[in-house]
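Take a look at the structure set out below.
The values are calculated or read from the model by the stated rules, or taken from the named source; none is laboratory data. Since the structure is predicted, the reported quantities are computational estimates derived from the model, not experimental observations. Every residue, glycine among them, receives a Cβ derived from its backbone with ideal geometry; neighbour counts consider all protein chains shown.
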Amino acid sequence: MNPRPLRIAKRIYTFLIILFMYAPIAAMIVLSFNASKSRAVWGGFTFDWYRRLVSDAGILSAFNNTILIALISSIVATVIGTAGAIGLMRMKSRPRAVSVAIANIPMLNADIVTGISLMLLFIAMRMTLGFTTVLIAHISFSIPYVILSVLPKLQQSRGGSYEAALDLGATHTQAFWRIVFPDILPGILSGFMLAFTMSIDDFIITHFTKGPGVDTLSTRIYSEVRKGIKPEMYALSTILFLIVLLLLFLINYAPEKKSSRSMKHLVLSRVVPCALVIAVLVFALHSTGKVSAAAGRNGEVVVYNWGEYIDPDVITMFEKETGIRVIYEEYETNEVMYPKISSGAIAYDVVCPSEYMAERMISEGLLQPVDRSVMPEVSNIEDRFFNVCDSFDPGNRYFTPYCWGTVGILYNTNMVKEPFDSWSILWDEHYKGEILMQNSVRDAFGITLKYLGYSLNSTDLDELTEARDMLIRQKPLVQAYVVDQVRDMMIGEEAALSVIYSGEAHETKAQNPNVGYVIPKEGSNIWIDGWVIPKNARNAENANKWINFMCRPDVATMNFEYMMYSTPNKKVRELTTNSELKNSSILFPAEEDLDRCEVFRYLGSGPTDTYNRLWREIKSH
Amino acid sequence: MRRRWLAAPFLLWSAAFIIIPIFMIIWFALTDQSGSFTWSNILEMGLADNIKALALALLLSIAATLICLVIAYPIAMILAGKKNGRNTMIAMLFILPMWMNFLLRTMAWQTLLEKNGVINTILRVLHLPAVTIINTPGAVILGMVYNFLPFMILPLYTVLSKIDREITYSARDLGAGPFQTFVKITLPLSKPGMISGITMVFVPALTTFVITDLLGGGKVQLIGNTIEQEFIQGSSWHVGSGLSLILMIFVFISMVLVAKYDPQSTGTAIGGRP
């Protein structure tokens, strides 16, 4: 019927769209076998990323949670939703319309609003955010899908047959199971499948309703992706793609004859294979995921730390030696961490803020004093750090230094030829699109204020406005605002210049020798991160043990060699065998460089709001 | 006529986890830290940076919705025109990526678009100039279109394949050209599909913060990002609630507007939650 050119045009169009849909997936599948981390270089074929993926306990438990939450929530939602639909059919039309409209709300509303509203409710009810809250949230947004799948089937159902069955002596129950149920079963099944799919794919609502130690695949992927390039994620994509392919194949290509579309057949051909695949998956994961959950005879400790800020072996060692199970969560910036602690919704036992955030938490009464009598190892920390901390933590009652460092400019020596010693290079038009800025309020403002010759603790509105205007002027030159990704991007030569913490700078240099680190002459920030115990900690005793453990010279050395951040522990430079680390000028800068550096102070809630407001103006400019 | 009680668990659940949470947002939006009444959180929306973020979100999401519609319509027509059996297979091809994790799909584009990403590497091998797409609003639109395209194709395909072919044939018999048939017959009949497609793309695109996070490099700030930052990196939950409330009202107004043009209100019968 179609003329030939039209048919060809249709084919080409279909092909192009399919290419558009699948090119990214194909790229990920290819990259999952690439031995090199880079996206531009083929480093040879490898199964390494798959091996790492299946040995990553975090990912496995996230997978476990995802399937478990999806299964439970879709089953509960199907039961409540189906019963609800049947009940609704029996209601008068006006209350029914209102109820259906209510059921529609989570479907129509923006996910972000649904997620936030549930989070506010859970916190108001003093529920600790975690597995249960995620489950409740998933059930809530799944029910509408079930109702809206079952309701049309009920409306089509043979009402007369039901009455007839009753007339012929069947009980209500009998009549329901024999007459109505078979009619609505396809609706129930498709509602269940929809609910299951929505639960598995949800990120936004989970993001707002989850707590520490509970990750679904989506939230886990989100935090991994924001840290930098993780080829394990490509491997994960490939595996997920294959599972989905298999599932769809089973659903669609199960033998089905038009004539025999009986109920039993439907169940046999579609539901059984899917259930089998899911069951096998759950079983496989359960048997692998169990390993890490074994420890914990002496209770647990919930640790909230910066991303990539500990040697994972240290955690295992701590669990083995103390019998305390560690629940470990990560954050990207102090500003992300703070509201979680201050809201009290999540009970962390030990947290690792920077000095200015610790000062804020102390001043707001969010912390409890540590028990120095059970911390003999604290004597390994150099006194000069405790002296600095004394300014905001008199008597060192709360804060135990963990790492320190400077903020400076990391540059690619092939792209930045001329020597420089000033922050001004970050405003140089010549490097348009080649600059990576820190996506963190205080760091971004801090260096700008220093460049302008002010204190990085300025609260003067004129100085801050001037800094804001500078940063707005800089924005067109900036390639991206990043936090943890900066390291991988500099290793991958994605940019010429970046603002970076000294530890990250050292690690980048270890992997890409074509970089150099400069602390500009205007001065910079010197920072100290340390352990504190929130007031609402449930395992304060274990938290004290954790802090003591972190100060042990062998542990501090392990962390130092793993993270390559400067350590305040005086024994480490004796213990470490890595001379490159020991003598690094990036990690242990000259005294005169340090003298020009300033520590951040907490500025009070008014100026903090001003900083945040000005930062928003920059970001939305 | 018993069994009305079967709706009780559903009604209780809805009250507890749909209605009350919305009142929580309203309550937070209309109070300050000390719990006293204020309009200031709502008025925050009037600040230049928030207006800008909302306007940009509207602009990008409308662009993404239109692009989705333009791309999806021909595909849905092609699929609907195919014989039974083959069309379900090809329709499956379009649904399949939707089943993969949404974040992984977005990350894939990061991989393709980066400065030293796959596309630029290929261009370099071909001695063509490199392109800069990542960290621009264009990249965000691309991410939206890629993620939400199946939500447009599916309802359009469902509606188009239900159109009785006899009607189009009669139109042709009565002398209408292919174009006239399309405009006068197919297009109006496919309206319910278009409307549910548009809502299923527009709402998540308008409120996204993930796509901007991953493909915007922190340089593209939409209203979703602002709200997320108010809560997660947080300055104020009260301001965040105020902004959410306005966003919610915005979404519902657009729903009402859409429903006006959709007399049968078949609306969002085919669910979709990216």
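Overview of values
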{"quantity": "Any chance B:F23 is within 11 Å of chain A (Cβ to nearest Cβ), surrounded by fewer than 19 Cβ atoms within 10 Å (Cβ to Cβ), closer than 26 Å to A:N104 by Cα and without any contact (Cβ under 8 Å) to a residue 40 or more places away in the chain", "calculated": "yes"}
{"quantity": "Filter pass, A:I105 being surrounded by fewer than 24 Cβ atoms within 10 Å (Cβ to Cβ) and facing another protein chain (nearest Cβ under 7 Å)", "calculated": "yes"}
{"quantity": "Qualifying positions in segment B:179-236 - out of contact with any Leu (no Cβ under 9 Å at 6 or more places or on another chain) and charged (D, E, K, R)", "calculated": "B:K184, B:K191, B:D213, B:K219, B:E228"}
{"quantity": "Failed criterion for A:W42 (all others in (1) within 26 Å of the chain's Cα centre (by Cα); (2) surrounded by fewer than 20 Cβ atoms within 10 Å (Cβ to Cβ) hold)", "calculated": "(1)"}
{"quantity": "Within segment A:389-423, tally of residues that are free of Cβ contacts under 8 Å to residues at least 40 places away in the same chain and assigned to a helix (DSSP H, G or I)", "calculated": "3"}
{"quantity": "Helices (runs of 4 or more DSSP H) enclosed by segment B:119-200 - at least 3 residues per element that are charged (D, E, K, R) and surrounded by fewer than 16 Cβ atoms within 10 Å (Cβ to Cβ)", "calculated": "B:165-173"}
{"quantity": "Filtered residues of segment A:216-241 (kept if facing chain B (nearest Cβ under 10 Å) and aliphatic (A, V, I, L, M))", "calculated": "A:L217, A:I221, A:V225, A:I229, A:M233, A:L236, A:L240"}
{"quantity": "Selection from segment A:580-619 of residues that are hydroxyl-bearing (S, T, Y) and either assigned by TED's automatic domain parsing to the domain that holds A:D311 or under 18 Å from A:E335 (Cβ atoms) (or both)", "calculated": "A:Y602, A:S605, A:T608, A:T610, A:Y611"}
{"quantity": "Within segment B:26-38, tally of residues that are within 7 Å of chain A (Cβ to nearest Cβ) and without any contact (Cβ under 8 Å) to a residue 60 or more places away in the chain", "calculated": "0"}
{"quantity": "Breaking point among (1) among the aliphatic types (A, V, I, L, M); (2) within 30 Å of B:G35 (Cβ to Cβ); (3) touching a residue at least 40 places away in the same chain (Cβ under 8 Å), for B:I195", "calculated": "(2)"}
{"quantity": "When residues of segment A:180-215 are limited to those that are facing chain B (nearest Cβ under 10 Å) and closer than 23 Å to A:I327 by Cα, the one surrounded by the fewest Cβ atoms within 10 Å (Cβ to Cβ)", "calculated": "A:F203"}
{"quantity": "Residues of segment A:1-26 satisfying the condition of being at the interface with another protein chain (Cβ under 9 Å from one of its Cβ atoms) and either more than 44 Å from the chain's Cα centre (by Cα) or in contact (Cβ under 8 Å) with a residue 12 or more places away in the chain (or both)", "calculated": "A:N2, A:I25"}
{"quantity": "Any hit, segment A:172-179, residues being surrounded by fewer than 17 Cβ atoms within 10 Å (Cβ to Cβ), hydroxyl-bearing (S, T, Y) and in the same structural domain as A:I67 (by TED's automatic domain parsing)", "calculated": "yes"}
{"quantity": "Every residue from segment B:84-111 that is in a loop (DSSP other than H, G, I, E, B) and either among the small types (G, A, S) or more than 7 Å from chain A (Cβ to nearest Cβ) (or both)", "calculated": "B:N84, B:G85"}
{"quantity": "Segment A:504-536, subset assigned to a strand (DSSP E or B) and more than 30 Å from the chain's Cα centre (by Cα), residue nearest to A:V370 (Cα to Cα)", "calculated": "A:V518"}
{"quantity": "Residue, nearest to B:L6 (Cα to Cα), within segment A:86-98, restricted to residues that are free of Cβ contacts under 8 Å to residues at least 12 places away in the same chain and in a helix (DSSP H, G or I)", "calculated": "A:G87"}
{"quantity": "Test: residue in segment A:114-123 that is hydroxyl-bearing (S, T, Y), more than 8 Å from every other protein chain (Cβ to nearest Cβ) and in contact with a helix residue (DSSP H, G or I) (Cβ under 6 Å, 6 or more places away or on another chain)", "calculated": "no"}
{"quantity": "Only listed residue being away from chain A (no Cβ under 11 Å) and in contact (Cβ under 8 Å) with a residue 12 or more places away in the chain, chosen from B:N41, B:N50", "calculated": "B:N41"}
{"quantity": "Residue count for segment A:351-363, restricted to those that are outside any helix (DSSP H, G or I) and more than 22 Å from A:R126 (Cβ to Cβ)", "calculated": "3"}
{"quantity": "Counted residues, segment B:210-240 - those being at the interface with chain A (Cβ under 7 Å from one of its Cβ atoms) and either part of a loop (DSSP other than H, G, I, E, B) or in contact with a Ser or Thr (Cβ under 6 Å, 6 or more places away or on another chain) (or both)", "calculated": "10"}
{"quantity": "A:A77, sole failed condition from (1) under 22 Å from the mean Cα position of the chain (by Cα); (2) within 11 Å of chain B (Cβ to nearest Cβ)", "calculated": "(1)"}
{"quantity": "Selection count, segment A:576-621, where residues are away from chain B (no Cβ under 14 Å), part of a helix (DSSP H, G or I) and surrounded by fewer than 16 Cβ atoms within 10 Å (Cβ to Cβ)", "calculated": "7"}
{"quantity": "Matching option when the condition is at pLDDT below 90, part of a helix (DSSP H, G or I) and at negative phi, among B:A7, B:A15", "calculated": "B:A7"}
{"quantity": "Selection within segment B:65-83 - facing chain A (nearest Cβ under 10 Å) and part of a loop (DSSP other than H, G, I, E, B)", "calculated": "B:K82"}
